[in-house]
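K.L.:
I'd like to ask you about the structure that follows.
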């Protein structure tokens, strides 16, 4: 696999370059790392949003976008995500490679300049972010958070995590909280931005048909920071077992379909020796269309359109989710428990194991066709200080047997059962 | 096998029409880990009234194309997902208004997976019991979409735009209509639309084209589909007017969703003409509604839009429309400002600099399609079904001018063909915070 980045590190900025002529564009990903904390989660999330409102020389969304359009539809996007209890602000620049254009300027150089300006040279009024930019982005963030409710599957998943980790930082949504917005103004956000810039570890990934030495020199020159003193970003606190008997949480709205989410704790994370085993466990249980959940909840019982599980490997959580008819709740829960018991008893056939391993091979190998996936996987390994070269991981996965899955099943403990359902009917209230 | 090379793009295609009528395109992508194959029939939810030339007309209940898509995955020996999984392939399918596609992506066992793909689609296994069982699953799928604001708004928009055209019917059908589906009506549609003459196979990945073509040729030669005359599709006459100016539905959501639609009055364009109109409209919409437009800036400054704001254009031989909108606290203000913005552009004209900039953006976006085997096979197939060639896009794009954009603007963004679809919250109290 050609997924090896060349890395250089200086002044708290790591640059990783992967030259390849596979793609017709060049991708530059910049990740800024912070701890996931209630005090800073919303401030951190507002920074990329406000920075993308405009730079000193291009002081509006219109001016900035015109510049990107001129660079043949270069894109510069930002996103927030979490890796366990760490919060990452990601900027991603993608520019067409000049080779494929008739009469194009030096697009990559200008794209990197623009990215650097967005990060380091924002539009300011009297030394602070423009008030109008901050207020617009606070409002946009409030809307973004409220709109999570419009996608019931995603909303249910977030609500379950929030209920499950009520006393842990992991409960926080990667984009922050509405309740913090009133206390944030331009001055406070600017102060926070300067600190964020001076103390946050940064990684840049470049994937495309580039000269590594040249692009590295260019990035070092453009991303010229004031003096930086990096903060240590702590790892994730893993709670290996649920405290008590499972919590039950119900939300009621006017919906047509119920969303059932069951959240489990495990002591197994990306760094654990057991990681490949838990990845296979999740695949057999509910990662795919051949998995036990899909086959038994959807195909055999016709109870659901979606039924799957997801392994969150940084916090060590395993989440099961199904969209079901509300009256089928008990039946769905019972069938899900039967699947968990089946694996715990070693009731997994050879085909299920082979299919899961083949699908995992496919998933990991096809990352090499996506610049974003390559950058993300490399970053996760760096953050977790655990090298997991794809072929080595796949050979570990290959060795997983039924006894390993039984061992993983024994490590799972059910923490929270969440159900998003319809409003109580009049009859139900009187009953 | 016909080989075509595109020097500027550094791409090559191999093309052949097999004796049974199947069209095959192979696009090698050296260095890619995965191979992506897409097997498609020109058959979607709108094809509910048809006949084979010289045979009687057939009308079928709604949701059959999508139901068939679900059912073909079932084989006598079980679910074909299992077989793909054993061979390390991730398989899927989708049904749109005008096409149904089956696909896999795999980093190994390409030849086995390709054989599996061709065989499962071309070997229906329908029984009363397995058709009955699928109804519960599709009912849940329909209910899932019923809770999704964007989908509901989009469906309502189509109902407002079209009087008769079956594009106004949900792709999955309704809970009532799917319970009328049976082996008999499924097989009638299957026999008509899954004949190789109505299908296209596109394979993208790092492979030897000659080997893959030989595999497909041999696989098809071993099957007998008989010959089939042309398919005739029937649509009731659709007026050029819109059916409804404005509709509103209530849903359990946090804030209103507002979509504004414009109906294309001229139908029947195909091939080069359709694609040129399509590209011109897309460049135009970037110019008018894109992030670098005056209108976008105005709406953003007024706090009337958020990151959900977007716009799109869907064009086909039989129905075409544009829409713009997103979530907003003040739908009426948003509608008013967009209406005024359109009037203003009508008076002032479209800026040449802005139009050219949007065209450059589109050229860059076009290049991006070639990075992804998924997008490439999806777009390539879509163009084939419109009797056009994706590789002609750069040449066509070079020839599109601001004058074309101006003309398009006057045709499409007309108050007579504008409609509004609103989805508003049913509960006054907002949801618990996340």
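K.L.:
Residue by residue through region B:363-380, note down the ones that are more than 7 Å from every other protein chain (Cβ to nearest Cβ) and closer than 30 Å to residue B:294 by Cβ.
P.N.:
The answer is B:366, B:369.
K.L.:
Which of the residues spanning region A:236-250 are crowded, with 17+ Cβ neighbours inside 10 Å and over 15 Å from residue A:333 (Cα atoms)?
P.N.:
Of everything in region A:236-250, those that are crowded, with 17+ Cβ neighbours inside 10 Å and over 15 Å from residue A:333 (Cα atoms) turn out to be A:236, A:238, A:239, A:242.
K.L.:
Here is a further query. Among helices (runs of 4 or more DSSP H) lying entirely in region A:141-235, which contain 1 or more residues that are within 14 Å of chain B (Cβ to nearest Cβ) and out of contact with any strand residue (DSSP E or B) (no Cβ under 6 Å at 6 or more places or on another chain)?
P.N.:
Fully inside region A:141-235 and qualifying: A:152-164.
K.L.:
Additional query: Please go through region B:297-312 and pick out each residue that is surrounded by 21 or more Cβ atoms within 10 Å (Cβ to Cβ) and outside any loop (DSSP other than H, G, I, E, B).
P.N.:
B:299
K.L.:
Just to verify a result, which residue in region B:5-23, among those that are without any contact (Cβ under 8 Å) to a residue 12 or more places away in the chain and in a strand (DSSP E or B), is surrounded by the fewest Cβ atoms within 10 Å (Cβ to Cβ)?
P.N.:
Across region B:5-23, the extreme among qualifying residues is B:5.
K.L.:
Please specify each residue of region A:292-305 satisfying the condition of being within 7 Å of another protein chain (Cβ to nearest Cβ) and either surrounded by fewer than 22 Cβ atoms within 10 Å (Cβ to Cβ) or part of a helix (DSSP H, G or I) (or both).
P.N.:
The answer is A:298, A:299, A:302, A:305.
K.L.:
Would you confirm whether or not region A:256-276 contains a residue that is within 30 Å of residue A:16 (Cβ to Cβ), more than 14 Å from chain B (Cβ to nearest Cβ) and in a helix (DSSP H, G or I)?
P.N.:
Yes - at least one qualifying residue is present in region A:256-276.
K.L.:
Output the residue which, of all residues in region A:322-351 that are crowded, with 18+ Cβ neighbours inside 10 Å and within 12 Å of chain B (Cβ to nearest Cβ), is nearest to residue A:285 (Cα to Cα).
P.N.:
Out of the qualifying residues, it is A:322.
K.L.:
Considering only residues of region B:56-72 that are assigned to a loop (DSSP other than H, G, I, E, B) and buried (at least 21 other Cβ atoms within 10 Å of the Cβ), which is nearest to the chain's Cα centre (by Cα)?
P.N.:
Restricting to residues being assigned to a loop (DSSP other than H, G, I, E, B) and buried (at least 21 other Cβ atoms within 10 Å of the Cβ), the top hit is B:63.
K.L.:
Is region A:118-127 home to any residue that is farther than 30 Å from residue B:305 by Cα, touching a residue at least 24 places away in the same chain (Cβ under 8 Å) and part of a helix (DSSP H, G or I)?
P.N.:
Taking every residue of region A:118-127 in turn, none turns out to be farther than 30 Å from residue B:305 by Cα, touching a residue at least 24 places away in the same chain (Cβ under 8 Å) and part of a helix (DSSP H, G or I).
K.L.:
Please determine whether any residue of region A:12-19 is surrounded by fewer than 21 Cβ atoms within 10 Å (Cβ to Cβ), within 26 Å of residue A:180 (Cβ to Cβ), within 14 Å of chain B (Cβ to nearest Cβ) and at pLDDT 95 or above.
P.N.:
No, there is no match, as no residue in region A:12-19 is surrounded by fewer than 21 Cβ atoms within 10 Å (Cβ to Cβ), within 26 Å of residue A:180 (Cβ to Cβ), within 14 Å of chain B (Cβ to nearest Cβ) and at pLDDT 95 or above.
K.L.:
Residues in region B:24-36: is at least one in a loop (DSSP other than H, G, I, E, B) and away from chain A (no Cβ under 14 Å)?
P.N.:
Among the residues of region B:24-36, not one is in a loop (DSSP other than H, G, I, E, B) and away from chain A (no Cβ under 14 Å), which makes the answer no.
K.L.:
Still on this structure, I have one more. Return yes or no: is residue B:43 touching a strand residue (DSSP E or B) at 6+ places or on another chain (Cβ under 7 Å) and crowded, with 24+ Cβ neighbours inside 10 Å?
P.N.:
Here the answer is yes, as residue B:43 does meet what is asked.
K.L.:
Considering only residues that are assigned to a helix (DSSP H, G or I), crowded, with 22+ Cβ neighbours inside 10 Å and either in contact with a strand residue (DSSP E or B) (Cβ under 6 Å, 6 or more places away or on another chain) or more than 7 Å from chain B (Cβ to nearest Cβ) (or both), which ones fall in region A:51-72?
P.N.:
A:51, A:64, A:68, listed by residue number.
Yes or no, residue by residue, for (1) within 19 Å of the chain's Cα centre (by Cα); (2) at positive phi; (3) in contact (Cβ under 8 Å) with a residue 24 or more places away in the chain:
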residue	(1), (2), (3)
B:236	no, no, yes
B:242	no, no, yes
B:247	no, no, yes
B:262	yes, no, yes
B:268	yes, yes, yes
B:273	yes, no, no
B:276	yes, no, yes
B:284	no, no, yes
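K.L.:
Which one of the conditions (1) surrounded by fewer than 22 Cβ atoms within 10 Å (Cβ to Cβ); (2) more than 9 Å from chain B (Cβ to nearest Cβ); (3) free of Cβ contacts under 8 Å to residues at least 60 places away in the same chain does residue A:309 fail to meet, given that it meets all the rest?
P.N.:
Every listed condition holds for residue A:309 apart from (1).
K.L.:
Let me ask you something else. I'm checking my understanding of the structure. Among residues of region A:358-367 that are touching a residue at least 24 places away in the same chain (Cβ under 8 Å) and closer than 17 Å to residue A:308 by Cα, which one is farthest from the other protein chains (Cβ to nearest Cβ)?
P.N.:
Ranking the candidates gives A:360 first.
K.L.:
Could you list, in sequence order, the residues of region B:152-188 that are within 11 Å of chain A (Cβ to nearest Cβ), at pLDDT 95 or above and out of contact with any strand residue (DSSP E or B) (no Cβ under 9 Å at 6 or more places or on another chain)?
P.N.:
none
K.L.:
Okay, moving on. Which of the residues spanning region A:375-389 are closer than 26 Å to residue B:369 by Cβ and touching a helix residue (DSSP H, G or I) at 6+ places or on another chain (Cβ under 6 Å)?
P.N.:
A:377
K.L.:
One residue is enough: does region B:414-424 have a residue meeting the conditions within 14 Å of another protein chain (Cβ to nearest Cβ) and either in a helix (DSSP H, G or I) or surrounded by fewer than 18 Cβ atoms within 10 Å (Cβ to Cβ) (or both)?
P.N.:
Looking for residues that are within 14 Å of another protein chain (Cβ to nearest Cβ) and either in a helix (DSSP H, G or I) or surrounded by fewer than 18 Cβ atoms within 10 Å (Cβ to Cβ) (or both), one finds at least one in region B:414-424, hence yes.
K.L.:
In region B:101-125, what residues are within 12 Å of another protein chain (Cβ to nearest Cβ) and within 17 Å of residue B:74 (Cα to Cα)?
P.N.:
Within region B:101-125, B:104, B:113 qualify.
K.L.:
Please pick out the residue among A:109, A:121 that is in contact with a strand residue (DSSP E or B) (Cβ under 8 Å, 6 or more places away or on another chain), within 18 Å of residue A:68 (Cβ to Cβ), away from chain B (no Cβ under 14 Å) and surrounded by fewer than 21 Cβ atoms within 10 Å (Cβ to Cβ).
P.N.:
A:121
K.L.:
Regarding region B:260-276, can at least one residue be identified that is part of a helix (DSSP H, G or I), in contact with a strand residue (DSSP E or B) (Cβ under 9 Å, 6 or more places away or on another chain) and more than 11 Å from chain A (Cβ to nearest Cβ)?
P.N.:
Yes, that holds for at least one residue.
K.L.:
Return a yes/no flag: does region B:427-434 have any residue that is surrounded by 15 or more Cβ atoms within 10 Å (Cβ to Cβ) and within 26 Å of the chain's Cα centre (by Cα).
P.N.:
No, region B:427-434 contains no residue that is surrounded by 15 or more Cβ atoms within 10 Å (Cβ to Cβ) and within 26 Å of the chain's Cα centre (by Cα).
Condition check ((1) crowded, with 23+ Cβ neighbours inside 10 Å; (2) part of a strand (DSSP E or B); (3) over 16 Å from the mean Cα position of the chain (by Cα)) across all residues:
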site: A:22; (1), (2), (3): no, no, yes
site: A:28; (1), (2), (3): yes, yes, yes
site: A:31; (1), (2), (3): yes, yes, no
site: A:39; (1), (2), (3): no, no, yes
site: A:42; (1), (2), (3): yes, no, yes
site: A:45; (1), (2), (3): yes, no, no
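K.L.:
Take the residues in region A:73-89 that are under 18 Å from residue A:204 (Cβ atoms) and either surrounded by fewer than 19 Cβ atoms within 10 Å (Cβ to Cβ) or more than 14 Å from the chain's Cα centre (by Cα) (or both), then tell me which one is nearest to the other protein chains (Cβ to nearest Cβ).
P.N.:
Among them, the one singled out is A:74.
The values are calculated or read from the model by the stated rules, or taken from the named source; none is laboratory data. Being a predicted model, the structure only gives us computed values, none of them experimental. As a convention, Cβ positions derive from the backbone with ideal geometry for all residues, glycine included, and neighbour counts pool all protein chains shown.
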